[in-house]
Amino acid sequence: MQHFTSLSDVANPSALLAEAALFVQHPHQKSHLGKGKSLGLIFFNASLRTRMSTQRAGQLLGMDVTILNVSQDSWQLEFEDGTVMDGAKAEHIKEAAAVMGSYCDILGIRTFAGLKNRIADYAEHVMTAFQQYAGVPIVSLESATRHPLQSLTDWLTIHQQGFTHRPKVVLTWAPHPKALPQAVGNSFVEWMQAAEVDLTIAHPYGMDLSPDFVKNTPVMYNQDIAFEGADVIYAKNWSSFKDYGHVNDKERDWQITAEKMAHTNNAKFMHCLPVRRNMVVADQVLDSPQSLVISQAANRIPTAQAVLATILETL
Amino acid sequence: MQHFTSLSDVANPSALLAEAALFVQHPHQKSHLGKGKSLGLIFFNASLRTRMSTQRAGQLLGMDVTILNVSQDSWQLEFEDGTVMDGAKAEHIKEAAAVMGSYCDILGIRTFAGLKNRIADYAEHVMTAFQQYAGVPIVSLESATRHPLQSLTDWLTIHQQGFTHRPKVVLTWAPHPKALPQAVGNSFVEWMQAAEVDLTIAHPYGMDLSPDFVKNTPVMYNQDIAFEGADVIYAKNWSSFKDYGHVNDKERDWQITAEKMAHTNNAKFMHCLPVRRNMVVADQVLDSPQSLVISQAANRIPTAQAVLATILETL
Amino acid sequence: MQHFTSLSDVANPSALLAEAALFVQHPHQKSHLGKGKSLGLIFFNASLRTRMSTQRAGQLLGMDVTILNVSQDSWQLEFEDGTVMDGAKAEHIKEAAAVMGSYCDILGIRTFAGLKNRIADYAEHVMTAFQQYAGVPIVSLESATRHPLQSLTDWLTIHQQGFTHRPKVVLTWAPHPKALPQAVGNSFVEWMQAAEVDLTIAHPYGMDLSPDFVKNTPVMYNQDIAFEGADVIYAKNWSSFKDYGHVNDKERDWQITAEKMAHTNNAKFMHCLPVRRNMVVADQVLDSPQSLVISQAANRIPTAQAVLATILETL
């Protein structure tokens, strides 16, 4: 595995899932694999789980971890080619990425969608620039359009439930007061399409994800009907793809409540966190035994270990 | 020891003091005790000594240390139950604490009093939420009402003076331009009441600490008289407990000067730092051989080692 | 070597250069030299290369590294003696430096010139205060007037070109929209005067560096003539020393372009980074095979290893 920025970077997703499951059982296996190697975690945006879990995953593999908050610790970077840099941006990504790559054996990059310019966001300028200029493997810690470490974690969490049948998994939009990227939704769809699950997407009219991600996955506009027979409810807000970045704040009744969960096949509840209580999901659901959100978050460490170990083994 | 948030968490304070004294002599003892274990240091507020010394203590015990500045690195957390999270706060402490606890073997938490609402501050919502939801041992790196790592350090520093009699220790209020919490004062009183010292508290009228902390400790309103015969002067500002958070900026003559120190029994001068020179204490006192402030600060490492080692030995 | 803040701290610069060259070949040599030792990196100003490379250098030598962003993680420090600290600054450098020194075996300090008061900047209050009060070796991570880790790196990079003759090295001023310190320029001159090179300084009229640094080094005000026969072009902006801190934004034609490079002896292009493209230097130069900027930045790790190892060997 050269990079880990989307499903298509992974030659054998099932083997990666199995590796992650092995790290759940044996967190200290391969603790010398990364010895003497450096993991750089570069944050253009805020993070809690990704920062802590990926740092921990690197440490557990014996790596030295270096964290850089780009705008707090250093300065703004320029991503445009050919520009005259006489403004606020002090360094071009060409130099910054190449230098970071010369200091680290693997780089993890977090960058969010700006949600102003869909073409720019979906071109993934930041992630592709690092892949182009850094000269070392790049691990996405969430990019403008995808969050593959989260999706592999989600897959692992569903896998751990031990469903004896092909489970019905519903990705449902839920209300949120602020404009959020489509990255988690896109990426979940991408990975679930490759998994042994029946995936349904549910959201209000007009809140469709990109057709490049949805493909043939069934989409429903009635949440109650979508929930019928579901084994897993995966809730997530995203802002509009069509009216790019627009916040839909009218559909408050898309909140995941106990009443809605009652339509399901005693489904598990999943969310990538952070989650806004009583906005995205009711306390009653989140605090119920059906909620997997904490073990889902805990799975971020073995997942990151599997990804880092797979890359380390090729260095 | 399950947690370390106040004196009452410590079954045997004298044994903990002895352990700290041992780490002064042998900083590299037990350097494998924390191997493979993770220490998370979570800062809701600024820190210099606590951050650097606790990180170093963890490293010396072989732990992997992860630091999170909550508001800079991640986002604001919600602490209220049952609220509809449609405002600025992106995550509830219930999830945040549980997730951090799933990533770390021990969590250190720093949070200051808001000094607006006495009942809320003294309820210690942040520290108790972490104890309730994190599922791992919690070490206070200073909470709204206590700073036990500092107090254990202070005790160790007094212990190191080798007084052959029961020393007279005076905790004296000193002037400061800004509203400071009562945490260091409260906590010093709590620990000194358990130590083999004669403790006196001195402060201007109206600047009393909480009676729940003061208990039967003598209080004097005349600094000169309080200083008579003192072996240790421990200076610290706090804002009003009664008129909660109010700054008393009239009592500038409570500054610790050489003239005032002359009333003592050639007393040692202590302060937890940071200290404002010529406001809290005169240069002449701070730069005198009587001042213990630097060795007091240096003692933060062995103290934190003792606390972490005691917890690690129970994991 | 007690400290590393300027060339004059180094007893044998050639031996230090040789040590750095050895770390280029063997990055993992002496990986146990710093075991159990703590490196504190204290940032008063932003950093990317220096932060990442010095942290990595410490890790490669087996040190535990602690990073503090002074104003973000802690609070503002006071540097004036005798002042009444009733303002914004919460702690005096006397205490802060002594405490940091008690927590770390070596301290690296980054502080920029304020560019308001030349006498204050050139007195190097911050760096000298740490040397005076910390009680441990101080490594400059760039101070108000010098950047010796960069200069040693620059020397190493020139050395690696294997010139068979005494190379002509031109330090040329280049345009920049903001007020930058003279530190990199000063320091480069200081170190090149001790190296086996012919150094020329080129800049517009009025942009002279301090005569205390320039000494007998030839200065030219015509960039084209200065470039003739050059083997190395080292570009760097600085604000005015004479009209202290003033930005010269009229001399845009001092930008390093391919046309200008054509005057040289097929010279290598160097810059310490970050560099503003098409302001300081044209894309065409920076993206050409003549540009050494990335390997120059990569050399920051072995250079920092050489400095830290030399200090560690004396502890």
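The values are calculated or read from the model by the stated rules, or taken from the named source; none is laboratory data. Treat the numbers as computed from the prediction; the structure is a model and nothing was measured. Quick reminder, even Gly has a Cβ in these numbers, built from the backbone with ideal geometry, and neighbours come from all protein chains shown. For accessibility, only protein heavy atoms count, side chains too; no ligands or nucleic acids. Shrake-Rupley method; radii C 1.70, N 1.55, O 1.52, S 1.80 Å.
Anything in the range B:1-37 that is among the hydroxyl-bearing types (Ser, Thr, Tyr) and out of contact with any Pro (no Cβ under 7 Å at 6 or more places or on another chain)? List them, or say none.
As a first pass, look at the range B:1-37 and keep what is among the hydroxyl-bearing types (Ser, Thr, Tyr): B:5-6, B:8, B:14, B:31.
Residues satisfying the conditions are B:Ser8, B:Ser14, B:Ser31.
Being open to solvent by 40 Å² or more (accessible area, probe 1.4 Å) and either farther than 22 Å from A:Trp238 by Cα or touching a residue at least 12 places away in the same chain (Cβ under 8 Å) (or both) is the requirement here; does A:His159 meet it?
Details: open to solvent by 40 Å² or more (accessible area, probe 1.4 Å): yes; either farther than 22 Å from A:Trp238 by Cα or touching a residue at least 12 places away in the same chain (Cβ under 8 Å) (or both): yes.
Yes, satisfied.
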Looking at the range B:110-144, which of the residues that are over 15 Å from B:Val184 (Cβ atoms) and of a type in the set (Val, Ile, Thr) is most open to solvent (accessible area, probe 1.4 Å)?
B:Ile119
Selected residue (criterion: nearest to A:Gln132 (Cα to Cα)) from residues of the range A:90-109 that are crowded, with 20+ Cβ neighbours inside 10 Å and in contact (Cβ under 8 Å) with a residue 40 or more places away in the chain:
A:Ile93
Could you check, for the range B:101-108, whether at least one of its residues is of a type outside the set (S, T, N, Q), under 28 Å from C:Asp64 (Cα atoms), in contact with a Pro (Cβ under 8 Å, 6 or more places away or on another chain) and away from chain A (no Cβ under 14 Å)?
no
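Which of the residues that make up the range A:99-126 are under 24 Å from C:Gln55 (Cβ atoms) and under 20 Å from the mean Cα position of the chain (by Cα)? Even if it seems obvious, please write down each step before you answer.
Of all residues in the range A:99-126, those under 24 Å from C:Gln55 (Cβ atoms) come to A:99-111, A:126.
Selection gives A:Ile106, A:Leu107, A:Gly108, A:Ile109, A:Arg110, A:Thr111, A:Val126.
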Can you go through B:Val275, B:Val285, B:Val307 and tell me which one is open to solvent by less than 10 Å² (accessible area, probe 1.4 Å) and closer than 17 Å to B:Ala179 by Cβ?
B:Val275
Out of the helices (runs of 4 or more DSSP H) lying entirely within the range B:15-118, which hold 2 or more residues that are hydroxyl-bearing (Ser, Thr, Tyr)?
B:49-60, B:93-103
Going by the conditions given, is C:Thr164 at pLDDT 95 or above, under 18 Å from the mean Cα position of the chain (by Cα) and of a type in the set (Val, Ile, Thr)?
no
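So, of the residues in the range A:74-89 that are of a type in the set (A, V, I, L, M) and open to solvent by 20 Å² or more (accessible area, probe 1.4 Å), which turns out to be nearest to the other protein chains (Cβ to nearest Cβ)? So that I can check it myself, show each step before the final result.
Initially, the range A:74-89 is screened for residues of a type in the set (A, V, I, L, M), giving A:77, A:84-85, A:88.
Within this subset, residues satisfying the condition of being open to solvent by 20 Å² or more (accessible area, probe 1.4 Å) are A:84, A:88.
Numbers: A:Val84: 4, A:Ala88: 9 Å.
Across the range A:74-89, the extreme among qualifying residues is A:Val84.
Looking only at the range B:209-235, which residues are open to solvent by less than 80 Å² (accessible area, probe 1.4 Å) and of a type in the set (Val, Ile, Thr)?
Scanning the range B:209-235 gives B:Val214, B:Thr217, B:Val219, B:Val232, B:Ile233.
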For the range B:1-53, which positions are hydrophobic (A, V, I, L, M, F, W, C) and exposed (fewer than 15 other Cβ atoms within 10 Å of the Cβ)?
B:Ala11, B:Ala15, B:Ala18
I need the full set of residues from the range B:262-272 which are open to solvent by 40 Å² or more (accessible area, probe 1.4 Å) and at negative phi, in order please.
B:Ala262, B:His263, B:Asn265, B:Lys268
Find the strands (runs of 3 or more DSSP E) located wholly in the range C:180-287 whose residues include 3 or more that are under 16 Å from the mean Cα position of the chain (by Cα), and list them.
C:232-236
Could you list, in sequence order, all residues of the range C:54-73 that are open to solvent by less than 20 Å² (accessible area, probe 1.4 Å) and at the interface with chain B (Cβ under 7 Å from one of its Cβ atoms)?
C:Thr66, C:Leu68, C:Asp73
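This table checks each residue for (1) of a type in the set (Lys, Arg); (2) under 24 Å from C:Glu142 (Cβ atoms).
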position	(1), (2)
C:Pro218	no, no
C:Ala226	no, no
C:Lys236	yes, yes
C:Asp243	no, yes
C:Ala258	no, no
C:Met261	no, no
C:Cys272	no, yes
Kindly list, by first and then second residue, each pair from a residue in the range C:277-296 that is more than 8 Å from every other protein chain (Cβ to nearest Cβ) to a residue that is surrounded by fewer than 19 Cβ atoms within 10 Å (Cβ to Cβ) and of a type outside the set (S, T, N, Q), limited to pairs with Cβ atoms under 7 Å and residues at least 6 apart or on different chains.
C:Ala282/C:Ala258; C:Gln284/C:Ala258; C:Val285/C:Ala258
If we scan the range B:247-261, do we find a residue that is touching a residue at least 40 places away in the same chain (Cβ under 8 Å), open to solvent by less than 40 Å² (accessible area, probe 1.4 Å), touching a strand residue (DSSP E or B) at 6+ places or on another chain (Cβ under 8 Å) and aromatic (Phe, Trp, Tyr)?
yes
Single condition B:Asn248 does not satisfy, out of (1) at pLDDT below 95; (2) within 16 Å of B:Lys168 (Cα to Cα)
(2)
Across the range B:288-305, what is the total count of residues that are touching a strand residue (DSSP E or B) at 6+ places or on another chain (Cβ under 9 Å) and part of a helix (DSSP H, G or I)?
3
